[in-house]
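> Dumping the structure here so I can ask a few things about it.
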Amino acid sequence: MKHIKLSEIANINFCTVTPSRSKPSATPTKWLVCANFLVDNEIDKHISVNNVLPDENWLLHKNDIIVKRIAPTFVNYIDSIDNGIYCGNNLIIITPNDKVDSKYLAMILNEQIGSLSKESSIGAVMKSISRTDLEEMSIPFPDIKTQKAIGSLWHNGIELKKKRIRLAELENIKTNFTINKAIKMLGGKKNG
């Protein structure tokens, strides 16, 4: 199978917000930071807000892929995002170009990011990813139809897993409600 370097199929932006060198902004800026990005494409929507003028390269868009620069173990694929939200410090935004399916690339990166971090951090206290290692990363490159099929399968699997977890949560709420209703009907929880 053909392989291609990540730098040939995606734009890679390292987000490094340096408060001492940052310019103030007249309007508040909305940020997602490392702690917002959770496993299985979960994004905690509690947005940080400050008045630092962001670099426009850090603006998040649909189909972007986010990687934590320090100790990465998974990636986050952005399937939807509100306007005007930026990536914070120590995050990497990978924006696929039109040669590659974004979900397929996210799946490949998700599978390889942990080992890339280990390989590029030999002797380091905290595992991290260098720009060179990321740009040179070898990506298996099947035809676009195959990419779309694999990418959709990966993304749908994650979405199904999230729905199953949510269904279990709702079943638990329903069960607890039914138990509490039965207890109340039988005289309630009385002390003494």
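The values are calculated or read from the model by the stated rules, or taken from the named source; none is laboratory data. The structure displayed is predicted, hence computed values, not measured ones. Glycine also receives a Cβ, built like all others from the backbone with ideal geometry; neighbour counts cover every protein chain displayed. Each accessible area value is taken on the protein alone, full model and side chains, heavy atoms only, with ligands, DNA and RNA left out. Shrake-Rupley method; radii C 1.70, N 1.55, O 1.52, S 1.80 Å.
> Which whole-percent values make up P(r) of the chain when all C-alpha to C-alpha distances are grouped in 5 Å steps starting at zero?
Histogramming the chain at 5 Å steps yields 1, 7, 13, 16, 15, 13, 10, 6, 5, 4, 3, 3, 2, 1, 0, 0 percent.
> Per residue of the chain, what 222 nm ellipticity follows from adding -39500 (n - 2.57) for every DSSP H run with n ≥ 4, rounded to the nearest 500?
When only DSSP H runs of four or more count, the value is -12500 deg cm²/dmol.
> Further question: On C-alpha positions alone, give me the angle between the axis of helix 102-120 and the longest principal axis of the chain, in degrees, nearest 10.
It works out to around 80 degrees.
> I would also like to ask the following. Rounded, prolate or oblate: which one fits the range 16-91, using the alpha carbon gyration tensor with axes a ≥ b ≥ c (rounded when a/c is under 1.5, else prolate when a/b beats b/c, else oblate)?
prolate
> For the chain, what % of the accessible area comes from carbon and sulfur atoms, probe 1.4 Å?
In the chain, the share of accessible area belonging to carbon and sulfur is 56 percent.
> Something else now. Straight-line reach from K68: which lysines fall under 27 Å, measuring Cα to Cα and dropping same-chain residues less than 8 apart?
Result set, ordered by chain and number: K5, K23, K30, K45, K99, K103, K118, K127, K148, K161, K162, K163.
> Give me the angle, in degrees from 0 to 90, between the Cα long axis of helix 144-185 and the longest principal axis of the Cα atoms of the chain, rounded to the nearest 10.
That helix lies at roughly 20 degrees to the long axis.
> Pop a pseudo-label 7 angstrom from the Cα along the beta-carbon direction at both N172 and K184 and give the gap in nm to one decimal.
So the label points at N172 and K184 sit 2.2 nm apart.
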